[in-house]
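For reference, the structure is listed below as structure tokens.
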Amino acid sequence: MGNPVSMPRITAALRALALPVAALMALASPAPAQAEAEPEAPKEFVALSDVDPTIRQEIRYFTPHNFTGRPIEGYLRPLCLLTRPAARALHRVQRQLLRRGYTLKVYDCYRPQRAVDTFVDWAKDLDDQRMKREFYPDVDKTRLFEDGYIAEKSGHSRGSTMDLTIARLPALPTRPYVPGEKLVPCYAPQKERFPDNSVDMGTGYDCFDTLSHTLDPRIKGKQRANRLLLKGAMEAQGFVNLAEEWWHFTYKPELFPDTYFDFPVSRRSLD
């Protein structure tokens, strides 16, 4: 009989064989999937707080206090992002209002296309009526598209449109909305509606009702004066109001009149 092979030699031989096999398996295995990079904002976009930190921000779609009842996709931070010309024009409006004892407060600014898509999906889900009593008490959800409250594209996604109001100084912060709390119609008297530190505009923000039309004749007295104060201050600096929504303004001319962006609302999008 020949000399027996020692166990250490067998172990070494197996290890040597395993190395090329492992290398071949590594070549054959697919590379780990890379997370798709988020789109970034063009250099013409800025954070409003960098242009004017005195303008109040209450970004509703970052919170569940909106007509869907949940935070909206694409809002990673409660930030107002705008094209630079629109932000600078808002700064000019703010300077004028501060002299009169008021401040601007923005509810929404740039809105990613994915957020708009979320609104569309929500509108098609007729079983989801959780926020109806506050935001669309008199509108059947089947009519949201036909009546123009929801659309597949929004000017907000172009970066020069914002939703905003005014508040009298000093303005205490608005308390957070508590999901499940009792809802009150958005056109109820101001003292009954969800509390907001803004002046009385006759309806709350995002009220799906004809009472939200800026010049609706049923809105009178101080409420009408407040709407006209906001409208006049904004128009003096190049903004155009959407007649159906007292809070909705677009700075003209738009830098991106035909482009609907989808980068998320976050500081990182501006890097």
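Derivation of every value follows stated rules applied to the coordinates shown; laboratory data play no part. Note that the structure is a prediction, hence the values are computed from the model and not measured. All Cβ positions, even for glycine, are placed from backbone atoms using ideal geometry, and neighbour counts span all protein chains on display.
Which FRET efficiency value, to the nearest 0.05, do you get for LEU270 and ALA243 by plugging their Cβ-Cβ distance into 1/(1 + (r/R0)^6) with R0 = 30 Å? Could you put the intermediate results ahead of the total?
On the way: r = 32 Å, r/R0 = 1.07.
E(calc), rounded to 0.05, equals 0.40.
Stokes-Einstein at 37 °C, 0.692 mPa s, Kirkwood radius from Cα pairs: D for the chain in µm² s⁻¹? Before the final figure, lay out each step's value.
On the way: Rh = 21.2 Å.
D, rounded to a whole number, is 155 µm²/s.
For the range 119-182, what class follows from the C-alpha gyration tensor (a ≥ b ≥ c being the square roots of its eigenvalues): rounded when a/c is under 1.5, otherwise prolate if a/b is larger than b/c, else oblate? Spell out each step's value before the answer.
Details: a/c = 2.40, a/b = 1.28, b/c = 1.88.
It is oblate, given that a/c is not under 1.5 and a/b is not larger than b/c.
If packing is taken as the mean number of other Cβ atoms within 10 Å per residue, what is the order of 48-60, 163-175, highest first? Numbers along the way, then the final one.
Numbers: 48-60: 17.7, 163-175: 16.0.
With the highest mean Cβ count within 10 Å placed first, the list reads 48-60, 163-175.
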| request: Could you pull out every whole DSSP H run in the chain that spans at least 20 Å of Cα extent along its own axis and averages -1.0 or higher on the Kyte-Doolittle scale? | output: 7-28, 84-98, 221-235
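Using a Förster distance of 35 angstrom, determine the FRET efficiency expected from the C-beta separation of PHE145 and ASP258, and round it to 0.05.
0.95
Under a Cβ-Cβ cut-off of 12 Å, what is the net charge of the residues other than GLY238 that fall near it, where Lys and Arg count +1 and Asp and Glu count -1?
On the way: positive: ARG88, ARG92, LYS252; negative: GLU235, GLU254.
With Lys, Arg at +1 and Asp, Glu at -1, the neighbours total +1.
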| field | Lysine-lysine proximity count for the chain, Cα under 16 Å, sequence distance 8 or more or distinct chains | value | 11
| Add -39500 (n - 2.57) for each DSSP H run of 4 or more in the chain, then divide by its residues: what number comes out at 222 nm, to the nearest 500 deg cm²/dmol? | -8000 deg cm²/dmol
